[in-house]
Amino acid sequence: MKLYVTPGSPYARMARIVVIEKGLQDRVEVLAAQTRVADSPYYRINPSGRVPYLVLDDGAGLEESAVICAYLDHLEGSPRFDPPAGRAAWQARRLEALARSMLDGLAVWGRELARPENERSPSVLQHEAARSRRMADLWEKELEHPLMRGPLDMAQLTLGCALGLEARNPDFRWRPEHPNLGDWYSRVASRGSFMATRPPGSS
């Protein structure tokens, strides 16, 4: 299989982490895609131009990080990242959705910063900066949930990739007022899968 990524995409990073956590490096070839440029050869592989994109052995393609992560997790019949059974499943899904909300907002902020300075929207920048502060405040409390202290799951994976975007956005300063979040992230970021997929600019 071929997994197309860009080094700075947090969504592609999620899929890359699952590849490592599941020990699928021999089955999944990770390839750099050239996106956001006219006539990129990548568009002939994935017309949407988005990453991650997983091309299966039969040639079919999968898009969306959640779909790709689930496929890779179930590939060998022993999923590790499925929600727990029973009522706890809804807590797991709730936490994952909160983490995805934070990640999505930070991605919008990052894309706006990538535009030429004279084309950036001040209202978008202000909105996403404020959203990131609210979400960091929320996560400072939500980290008390037992699921955020247990084995790595999709909520933790998603939140870790969101917080890792500090390497690409100097205005995303979540650490000073969120010591619990900082301690939690330090533990997650020290995992081999996170270390191996650090975004450009990470120390």
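The values are calculated or read from the model by the stated rules, or taken from the named source; none is laboratory data. In this text the structure is predicted, and so the values were computed from the model without any measurement. Here the Cβ is made from the backbone with ideal geometry for all residues, glycine too, and neighbour counts use every protein chain on show.
Quick check, is ARG80 part of a loop (DSSP other than H, G, I, E, B), of a type in the set (D, E, K, R) and at pLDDT 95 or above? Give the derivation first.
Values: part of a loop (DSSP other than H, G, I, E, B): yes; of a type in the set (D, E, K, R): yes; at pLDDT 95 or above: yes.
For ARG80, the condition - part of a loop (DSSP other than H, G, I, E, B), of a type in the set (D, E, K, R) and at pLDDT 95 or above - is met.
Taking the stretch 158-188 only, how many residues are basic (Lys, Arg), under 18 Å from ARG131 (Cα atoms) and surrounded by fewer than 18 Cβ atoms within 10 Å (Cβ to Cβ)?
Of the residues in the stretch 158-188, the ones basic (Lys, Arg) are 168, 173, 175, 187.
If we keep only those that are under 18 Å from ARG131 (Cα atoms) too, we end up with 168, 173, 175.
In the following step, the residues that additionally are surrounded by fewer than 18 Cβ atoms within 10 Å (Cβ to Cβ) were identified as 173, 175.
Matching residues across the stretch 158-188 total 2.
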> Which of the residues that make up the stretch 168-181 are more than 16 Å from ALA99 (Cβ to Cβ) and modelled with pLDDT of 95 or more?
Replying inline: ASN169, ASP171, ARG173, ARG175, PRO176, GLU177, PRO179
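Go through the residues of the stretch 110-118 one by one and say whether even a single one is touching a Ser or Thr at 6+ places or on another chain (Cβ under 9 Å), in a helix (DSSP H, G or I), more than 17 Å from ALA12 (Cβ to Cβ) and of a type in the set (D, E, K, R). Outline the logic, then answer.
In the first step, residues of the stretch 110-118 are kept if they are touching a Ser or Thr at 6+ places or on another chain (Cβ under 9 Å); the result is 112, 115.
Checking the rest, the ones that are also in a helix (DSSP H, G or I) come to 112.
Then keep just the ones that are more than 17 Å from ALA12 (Cβ to Cβ); that gives 112.
Right, trim to of a type in the set (D, E, K, R) and you get 112.
Yes, that holds for at least one residue.
Restricting the search to the stretch 171-197, which residues are part of a loop (DSSP other than H, G, I, E, B) and either within 18 Å of LEU152 (Cβ to Cβ) or in contact with a His (Cβ under 7 Å, 6 or more places away or on another chain) (or both)?
We begin by selecting, within the stretch 171-197, every residue part of a loop (DSSP other than H, G, I, E, B); these are 171-178, 190-191, 197.
Within the stretch 171-197, SER190, ARG191, THR197 meet the criteria.
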>> Looking only at the stretch 83-100, how many residues end up being assigned to a helix (DSSP H, G or I), of a type outside the set (D, E, K, R) and farther than 15 Å from LEU157 by Cβ?
In response: 4
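Tell me the helices (runs of 4 or more DSSP H) entirely within the stretch 1-75 that contain at least 3 residues that are surrounded by 16 or more Cβ atoms within 10 Å (Cβ to Cβ) and of a type outside the set (Lys, Arg).
Working: elements: 10-21, 42-45, 65-74.
Helices (runs of 4 or more DSSP H) meeting the threshold: 10-21, 65-74.
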> If you check ALA129, ALA155, which single one turns out to be surrounded by 11 or more Cβ atoms within 10 Å (Cβ to Cβ), part of a helix (DSSP H, G or I) and under 15 Å from the mean Cα position of the chain (by Cα)?
Replying inline: ALA155
